[in-house]
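The values are calculated or read from the model by the stated rules, or taken from the named source; none is laboratory data. Keep in mind it's a predicted model, so treat the numbers as computed, not measured. FYI the Cβ positions are ideal-geometry reconstructions off the backbone, even for glycines, and counts take in every protein chain you see.
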Amino acid sequence: MRRSEEQMREILNKEIHISDIVEKRIQDTYRMLGKEKRKARKGRRLAAAAAAVLCLLVPGVVYASANSDFFQGMFGNETKKSTQAFDREIDDGKGKKVSVTIPSKEYVPVDIAKAEELVGEWLMDEPVTVKAGQSHTLNIEGFVYDRNGAMMYFTLEREGGVTALAGDEDTNLTKGAAFTDETDFYFYVETKKGITGYDNIFVDQEKSNADKIYGYSYMIWSEALEEGDVPQLKIDTYPCARKELSEESKIKTESMKLTDKGQVPTEVLDLGEKGHIEYSPISLSVDMSKGFELTADQAADPYYTTYVGIKYKNGDSYVISDDENSVNNTGYVLGSGTWYKVMYNRLVDPKEMSEIEVNGVKFPVL
């Protein structure tokens, strides 16, 4: 069972392979990168000393400072570069090249104090450090979650160079970092009840180097979590490199607690058959079977979710995704049943929202 789950995740993380699809569908697919339909299953010494002293004097300030790397990495734009939409040629699977459009991405500044106010209470208290495989060290520096998704900030280190995970500017714009064929381990997040977090990993290109990767994982749960179903870090350790695995290979799986914190509160906009939306400071989930005049099959396919956006009371807006204009300002998107689920690439204050728009249908937020 464990092996099949791991293999499924690896397959889902591979680059898109396109075969018998017309060019228009190829264009549409790349405009909505990340919208795969997946039927998911059930430091330093001086700095430390200074921080310790400050903690005795102003613990609230130190706590906010300790969380700032997480907030900046997940929501900010200090090391993330906004990009315009651009065309690229890819192999169509038949030996020919076709032009596709990579959507634009925008990153914005984050208000650290506001982030602390909205999600700081639910951010993990202590980092988790574990040995991963024979030679890597994994550090989970920050983790927060709600019933629909999670965000995790981590570093992966190896003296002589990280060989287990590969990510660059290209993967940041497309499918996210992926585990290599050379890795002898695999890590992921799963709840006590077996609900898996499918993710997209952004690798910070400015902070990372050959020996240390700074990663930001945007996750979506395969099913909405119940209260009390706490996420755990899981590590599969292989007896060899992944490329050498066979059906007879014995894979060791370890589980460890990530956090004692509960879920970031989620707001619900329930209009019966006219619409059902759930939202929080980190995620948005829309039941596409209600209010959009889609068939059951269409509601279950993120291809038919063509526009998602938020308007604020001050007149500003956050275009989460817009297929027609090749915009994708998401951390990660996943279709789970008839639910379209998205992790934001910026912080959202639910109290400042005035309207949520999906496929041209506007839902006032009262």
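Which members of the stretch 356-366 meet the condition of being under 18 Å from MET288 (Cβ atoms) and in contact with a strand residue (DSSP E or B) (Cβ under 8 Å, 6 or more places away or on another chain)?
Result: ILE356, GLU357, VAL358, ASN359, GLY360, LYS362, PHE363.
For the stretch 314-356, give me each residue that is more than 26 Å from GLU78 (Cα to Cα) and over 20 Å from the mean Cα position of the chain (by Cα).
Matches in the stretch 314-356: GLU324, SER354, GLU355, ILE356.
Residues of the stretch 347-366 being surrounded by fewer than 19 Cβ atoms within 10 Å (Cβ to Cβ) and touching a helix residue (DSSP H, G or I) at 6+ places or on another chain (Cβ under 7 Å), which ones?
Listed by number, the list holds a single entry, ASP349.
I'm trying to understand the selection: among the residues of the stretch 199-221, which are in contact with a Leu (Cβ under 8 Å, 6 or more places away or on another chain) and more than 26 Å from GLY161 (Cα to Cα)?
ILE220 - this is the single residue of the stretch 199-221 that is in contact with a Leu (Cβ under 8 Å, 6 or more places away or on another chain) and more than 26 Å from GLY161 (Cα to Cα).
Is the stretch 101-111 home to any residue that is surrounded by fewer than 14 Cβ atoms within 10 Å (Cβ to Cβ) and either touching a Leu at 6+ places or on another chain (Cβ under 9 Å) or not polar (S, T, N, Q) (or both)? Walk me through it before giving the result.
Of all residues in the stretch 101-111, those surrounded by fewer than 14 Cβ atoms within 10 Å (Cβ to Cβ) come to 109.
Then keep just the ones that are either touching a Leu at 6+ places or on another chain (Cβ under 9 Å) or not polar (S, T, N, Q) (or both); that gives 109.
The answer is yes, given that some residue of the stretch 101-111 is surrounded by fewer than 14 Cβ atoms within 10 Å (Cβ to Cβ) and either touching a Leu at 6+ places or on another chain (Cβ under 9 Å) or not polar (S, T, N, Q) (or both).
Taking the stretch 257-279, which residues are in a strand (DSSP E or B) and at pLDDT 95 or above?
Scanning the stretch 257-279 gives GLU267, VAL268, LEU269, ASP270, HIS276, ILE277, GLU278, TYR279.
Please specify each residue of the stretch 191-206 satisfying the condition of being among the polar types (S, T, N, Q) and under 12 Å from MET219 (Cα atoms). Walk me through how you get there before you give the answer.
Initially, the stretch 191-206 is screened for residues among the polar types (S, T, N, Q), giving 191, 196, 200, 205.
Correct list: THR196, ASN200.
Would you point out the residue of the stretch 164-187, among those that are assigned to a loop (DSSP other than H, G, I, E, B) and surrounded by fewer than 17 Cβ atoms within 10 Å (Cβ to Cβ), that is nearest to the chain's Cα centre (by Cα)?
Taking the stretch 164-187 and keeping what is assigned to a loop (DSSP other than H, G, I, E, B), we get 164, 167-168, 174-177, 180-184.
Remaining after also requiring surrounded by fewer than 17 Cβ atoms within 10 Å (Cβ to Cβ): 168, 174, 180-182.
Details: ASP168: 16, THR174: 12, THR180: 19, ASP181: 22, GLU182: 24 Å.
The extreme case among them is THR174.
When the stretch 212-246 is examined, which residues are found to be of a type in the set (Ser, Thr, Tyr) and crowded, with 19+ Cβ neighbours inside 10 Å?
TYR214, TYR216, SER217, TYR218, SER222, TYR238
Within the stretch 74-102, restricting attention to residues that are among the basic types (Lys, Arg) and assigned to a strand (DSSP E or B), which residue is nearest to the chain's Cα centre (by Cα)?
Here the answer is ARG88.
How many residues are in a strand (DSSP E or B) and closer than 15 Å to ILE356 by Cα if we restrict to the stretch 280-329?
Residues that pass the stated criteria total 17.
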